[in-house]
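To start, the structure itself, in structure tokens.
The values are calculated or read from the model by the stated rules, or taken from the named source; none is laboratory data. Here the structure is a predicted model, which means the values were calculated and not measured. Cβ coordinates were reconstructed from backbone atoms using ideal geometry, including for glycine residues, and neighbour counts include every protein chain displayed.
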Amino acid sequence: MNFLQISSLLIVLAGAFGAINYFFLRLPSAIGILVVALLASLAMMGIDWIWPSVGIAGNIRGVVEGIEFSSALLEGMLGLLLFAGALHVKIEDLREQAWTVALMATLGIAISTAIAGFGFAWLVGAPILVALVFGALISPTDPVAVLGVLRAANLRKSLETQIAGESLFNDGVGYVVFLFLVGLAWPSGLHQAEGLAGALRLFGQEALGGAALGAFLGWMTFQVMKRIDDYPLEVLLTLGLAFGGYELAVYLGVSGPIMAVVAGLFIGDIGTKHGMSQQTREYVNAFWELIDEILNAVLFLLIGVEVFAVAFNTGAIWAGIGGIALSLVARLAAVTVPVLLLLLSRWRKFGRDVIPIMTWGGLKGGISVALALSLPDSEWKPIILTTTYIIVLFSIIIQGLTIAPLAKRLNREQELL
């Protein structure tokens, strides 16, 4: 199938599964599409198991593998999704939560990677470097899943900014850590780096380079937009910034995710205040909300059908169940340590609901699956992929559906400690 045929199929299925969810399941849109896609996929696999001669699962598996989920997300959809998410986060709100976001997106990632990595090595007996690669790919919270849940959870502004800001930045940082560890675990890889100097060099090139490129391209686009008053053209300029900026970042070897976040923050805050008319602001916001909803639907559909690319066996399923507990413990530590450091330093005060909500609301998603699929072929890749997939399904479906009730029960409007 060519690109147009695959795109058409995904849009049709996303619409059909969305309608099924709307009429029968009544779950939040993206989560409902994932559930329906997963159930449909499992039904096809069941038919193939009962009547092997039909061969339907094999045909679908070929289509799914032809989609190349990892490339489609990391090199295509991710830039648009991050840009759309960053448009709705204000720089002033983010500045107030800067220390919290920075510590959780850096120190938190390091702590989570170490705990999940060493735990996975103990769980399945993987070499420590391979296990740390798993820790790195499962540690970032997925901004697509997180931002979707935030709309329903109705959290107070400070907590919402902390969660959204961390989720937008920690996937870029986690991706840099992932590349570094992959280079150590599989030295023939393209991203090999050695020692602390190599790690710092890679971080500077990817993370800081991505931030600088995003700020520069966002400023350049803003300079053009404030000199014109033509909303179709200005919408087109933001689309070109998201598409072209991400591809330029990949070409230059800097972090595309961080570029998209910084550019989105710039346009969503400074651009809307000083570079757009009221009419343009309305059209830009409406356009990117629609893009966000459509891509969310397609992404969660893809996660549901990726079950065909996962090798399930008893050992892998038990590893996945253990991995769920492991990822939650790692997430709890990644949230608790930065919060305690900030409390001890008296730099910030936190409500008693911050740690449980940020722990349970730190959803894993398509980025983790895409990173697992991008690993070099090895004896450990199947179990890493299966474990990651089970964790992601649990995170999106169980955590995603229960975070809003949890927030209400913890009385998110209480006074800060």
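Of all the listed residues (G198, G240, G183, G218), the sole one being farther than 30 Å from L406 by Cα, surrounded by 14 or more Cβ atoms within 10 Å (Cβ to Cβ) and modelled with pLDDT of 90 or more is G218.
In the set A84, A37, only one residue is closer than 18 Å to V298 by Cα, in the same structural domain as L393 (by TED's automatic domain parsing) and touching a Phe, Trp or Tyr at 6+ places or on another chain (Cβ under 6 Å); that residue is A84. Answer yes or no as to whether E65 is in contact (Cβ under 8 Å) with a residue 24 or more places away in the chain, touching a helix residue (DSSP H, G or I) at 6+ places or on another chain (Cβ under 7 Å) and of a type in the set (D, E, K, R). Considered against the rule, which asks whether it is in contact (Cβ under 8 Å) with a residue 24 or more places away in the chain, touching a helix residue (DSSP H, G or I) at 6+ places or on another chain (Cβ under 7 Å) and of a type in the set (D, E, K, R), E65 comes out as yes. The single condition among (1) farther than 19 Å from P127 by Cβ; (2) among the polar types (S, T, N, Q); (3) surrounded by 24 or more Cβ atoms within 10 Å (Cβ to Cβ) that T387 does not meet is (1). Right, T359: under 22 Å from P143 (Cβ atoms), surrounded by fewer than 17 Cβ atoms within 10 Å (Cβ to Cβ) and free of Cβ contacts under 8 Å to residues at least 40 places away in the same chain or not? Spelling it out, it is not the case that T359 is under 22 Å from P143 (Cβ atoms), surrounded by fewer than 17 Cβ atoms within 10 Å (Cβ to Cβ) and free of Cβ contacts under 8 Å to residues at least 40 places away in the same chain.
Against the test of being surrounded by fewer than 24 Cβ atoms within 10 Å (Cβ to Cβ), in a helix (DSSP H, G or I) and either at pLDDT 90 or above or not β-branched (V, I, T) (or both), the options G108, G119, G79, G85 yield a single qualifying residue, G119.
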